[in-house]
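Have a look at the structure below before the remarks.
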Amino acid sequence: MGVTLLADYGYSMQDVTRVTYLVSDTQDFPSCFPTLRQVFSDISPSVTLMWVRKFSDPHVKIEFELGVEAPLA
């Protein structure tokens, strides 16, 4: 979903400058490391990790927020 939304605005994962990870169970987060290394190894965005008590959907354990810097006009 995030990749599609970025593409809708003319961006790609290479344009991501910051990522916020929201986790409800920190024990689940390390299982994401291989994927995160693969996706972000070339761009090294700034990272924030936030713990939340729970998500509105009980099946969600990790949520990602991607940020890009739009070029100045």
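Return the residues of the range 26-56 that are in contact (Cβ under 8 Å) with a residue 12 or more places away in the chain and closer than 17 Å to Val68 by Cβ; say none if nothing qualifies.
The answer is Val39, Phe40, Asp42, Ile43, Pro45, Ser46, Val47, Thr48.
How many residues does the range 4-61 contain that are assigned to a strand (DSSP E or B) and loosely packed, with under 11 Cβ neighbours inside 10 Å? I'd like the intermediate steps shown before the answer.
Going residue by residue through the range 4-61, those that are assigned to a strand (DSSP E or B) are 16-23, 46-51.
Imposing the further condition that a residue be loosely packed, with under 11 Cβ neighbours inside 10 Å reduces the set to 46, 50.
Number of matching residues: 2.
Against the test of being within 13 Å of the chain's Cα centre (by Cα), among the β-branched types (Val, Ile, Thr) and over 26 Å from Pro71 (Cβ atoms), the options Val16, Val23 yield a single qualifying residue, Val23.
Just so you know, all these numbers are worked out from the coordinates, no wet-lab data involved. Because the structure is a prediction, the values reported are computed rather than measured. Positions of Cβ are backbone-derived with ideal geometry, glycine not excepted, and every protein chain shown enters the neighbour counts.
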